[in-house]
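Student: Here it is, the structure in full.
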Amino acid sequence: MKAPGVPATMWTFQPMIDSETTRLIARHYGLDLTERDHLLLSALLLARLFGGSGKVPLLRSKGAALTGPFAVAQHFDAALPAVDRLIPNTPPLSTQVASDWQRYNDVLGTAVAVYAYFYLLPQRALMQPIFAEPVPWIEATLLPLTYPILRAIITYGLKLSPAAAAAAADTIRTSFDATDARIADGRRFLAGDRLTLGDIALCGAAAPLLLPRGYGALMPPIEAMPAPLRGLMEQLRARPTAAFVQRLYDSGFDGS
């Protein structure tokens, strides 16, 4: 059985794709999730303080300290029958889900982060309130001073540049093309008849560009986005993959 009502606390930097993916995994398992949002450096320090590896997101539940969405899924899968796990353990399904995790969480997720941050970080008046909204008051108060540092850290970490943004846009479109083709047969889930970690990885990675109902991170409204970003978002939101993602959000990721 799943773990409805089991308390869990997540320390994170809210906009991260891995944070949204972890939220969706927690929703699937029915965890009673409390989120502790901080600016990036504070989140990293607190993740180490509370028993993690110094990376975010960190989720703690019943003494377990779990870093990243994959570790969270592994931990809660262990109590379930094999047929109910997000991470199947027998091929060919296990091979497919491992490939989907890499395709969506790693490749698409990185491309989405690069493209979105390249256009959003220079928009300080737009993004500073978004970053400040969920964090403790002291971090929000200091953000006018620390925003250049946060921007520099993200820019360096993602190696943002015009060339990187252009390559990211190509990767995003290619990923949506492949997913559109894959779901064209009307399948309910990427792997056919059951929800897996691949579905959740797709939703977490695509959400910043699709802004589906139920998305757990703060983002500017689409009409406020910089023109290149808004244009790509509008294109993607008209794709079959966008409807697929929204249906999963509407389902609550309960596998139905």
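Student: Pairs of Cα atoms under 8 Å, at least six residues apart: use those to get the relative contact order of the chain, whole percent.
Tutor: Answer for the chain is 23 percent.
Student: With runs of 4+ DSSP H residues as the only contributors, calculate the mean residue ellipticity of the chain at 222 nm using -39,500 (n - 2.57) per run, divided by the residue total and rounded to the nearest 500.
Tutor: The per-residue figure over the chain is -17500 deg cm²/dmol.
Student: Over the chain, consider all pairs of different Cα atoms and compute the Kirkwood hydrodynamic radius from their mean reciprocal separation; express it in Å, one decimal.
Tutor: Hydrodynamic radius (Kirkwood, Cα only) of the chain equals 18.7 Å.
Student: Would you grab the residues whose amide H sits under 5 Å from the one on Asp32? Only those 5+ places off in sequence or on another chain, please, with H modelled 1.01 Å from N.
Tutor: Gly5, Val6, Ala8
Student: Let me ask you something else. Can you bin segment 129-175 into rounded, prolate or oblate? Criterion: square roots of the alpha carbon gyration tensor eigenvalues sorted a ≥ b ≥ c, rounded for a/c under 1.5, prolate for a/b above b/c, oblate for the rest.
Tutor: Taking the square roots of the gyration eigenvalues as a ≥ b ≥ c, segment 129-175 is prolate.
Student: Mean-square fluctuation check for the chain, GNM, Cα pairs under 10 Å: which of Pro91, Pro69, Pro144 is largest?
Tutor: Pro91
Student: Give the accessible surface of the chain per residue, rounded to a whole number of Å², with probe radius 1.4 Å and ligands, DNA and RNA excluded.
Tutor: Accessible area per residue, the chain: 44 Å².
Student: Once Rh for segment 14-108 is found with the Kirkwood sum over Cα pairs, what is the Stokes-Einstein diffusion coefficient at 4 °C and 1.567 mPa s, in µm²/s?
Tutor: D = 91 µm²/s.
Student: Apply the a/c threshold of 1.5 to the C-alpha gyration tensor of segment 204-246 and tell me whether it is rounded, prolate or oblate.
Tutor: Oblate, because a/c is 1.5 or more while a/b does not exceed b/c.
Student: Moving to a separate point now. Based on the alpha carbons, how large is the Rg to Rh ratio for segment 137-256 when Rh follows Kirkwood?
Tutor: Radius of gyration relative to Kirkwood radius: 1.03.
The values are calculated or read from the model by the stated rules, or taken from the named source; none is laboratory data. In this text the structure is predicted, and so the values were computed from the model without any measurement. Side chains included, ligands, DNA and RNA excluded: accessible areas come from the protein's heavy atoms. Shrake-Rupley method; radii C 1.70, N 1.55, O 1.52, S 1.80 Å.
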